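Report on the following structure.
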Amino acid sequence: MSEPTQDRQTAVGVRAIPGSVWALGFVSMFMDISSEMIHSLLPIFLMSVLGAGATAVGILEGVAETTVLVTKIFSGVLSDWLGKRKALALVGYGIAALTKPLFPLAGSYSVVFAARLIDRAGKGVRDAPRDALIADLVPEQSRGASYGLRQSLDTLGAVGGPLAASFLMLTSGGSFRFVFWAAVPPALVSLAILALFVREPSTSLRSPVIVVRPDWLAFGGFPSTFWSVVTIGAILTLARSSEAFLVLRAAGLGVQNAYVPLVMVVMNLIYAASAYPAGRLSDRIDRRLMLAVSAAVLVTADVLLAAATGIVWLIGGIALWGLSLGLSQGLLAALVASAAPAERRGTAFGLFNLVSGIALLVSSTLAGELWDRVGAPAAFYTSAGFGGLALLGLLRQIQTRPVDSAPPAA
């Protein structure tokens, strides 16, 4: 096919994306701007303003992100039962928007804890129905472009939020609460776009949906390869505690509060740049090999962050952390889908998310305890140890079962 023909088809593909999908992309972008403006500064605010310790930060982040994973188990099924995905997405985005003013008003750790927990519950509620709504809005041949568009706009928000936070910290004399208040309008804009510009398709245009209730008790039907993926995923999660500790590490190495949010900019840029090519490569080789490379990169990142004494090693560790995310994005999900029986994939993903959520809570709490009791290097060296265990497990599995879970040749 000639290049002009390809260009024309690409242009047609972009034009074919419905306005509601574009609107959902901007909904994600504005909410991400709001969330990242707060989250990129929240660990420093908790410790320097509210007097919390690293352990408290770890518990908060672990519980919050676990809440997202557990809530996602049920929200997608609920949207199928209700048949109104936009309504459930509105609830999720509305919860997140309404919690934003609690952060600048917070005078104690408990208020921040409650706000963060409710905010993350909102994210768990909205993500699955939003993604399902995109599938309802577009035909099969346009879904890749539609999901890619939404993810691209989401990434813009993930970069724009920390940049805005850094700029506002510089112009406000370092006022955390000023930045947190400035994060409220983007959240409200996000909610307004969803309410006004996203149209749910008529029921007649949707593909028929068969709702299967997860069978949580019938664990025996899953093959050993599935439990191997769950185990490796849990160990990798232990090696990658909350990103809040990247922010704290930057502050501990002398980065001024106004520039600390740039940590998230570096990580997200590397993550975004590496995710797509890594995904394409994983379609051509054994996905476990890609996951092993990701684990090796994560171990290197943790060691650099543990040993860092200045900005160069800090940036190197953060960049490698983002690269590790990019290399592993979607691979575990693909391995779960390959290892689980087709009729029980819903249950399989639910179990995988539940175990990963528990592991994230453990890793973030442990990292906080080590940070407070021993020091920041101990937290990152421990994470590197877990990453090494995951790497050894993957290499052993590749050696002993070279065919299992490998994708078909391209």
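The values are calculated or read from the model by the stated rules, or taken from the named source; none is laboratory data. Note that the structure is predicted; figures quoted are calculated from it, not measured. Cβ atoms come from the backbone with ideal geometry, glycine included; neighbour counts cover every protein chain shown.
Within the bounds of segment 234-251, is there any residue that is of a type outside the set (Ser, Thr, Tyr), more than 21 Å from the chain's Cα centre (by Cα) and surrounded by fewer than 16 Cβ atoms within 10 Å (Cβ to Cβ)? The answer is no; no qualifying residue exists. Take residue 70 and tell me if it is part of a helix (DSSP H, G or I) and at pLDDT below 95. Yes: the conditions hold for residue 70. Applying the criterion of being in a helix (DSSP H, G or I) and of a type in the set (S, T, N, Q) to the residues of segment 93-136, the residue that is surrounded by the most Cβ atoms within 10 Å (Cβ to Cβ) is 99. Residue count for segment 164-202, restricted to those that are farther than 22 Å from residue 45 by Cβ and outside any helix (DSSP H, G or I): 5.
From the list 306, 272, 295, the lone residue that is at pLDDT below 80 and part of a helix (DSSP H, G or I) is 272.
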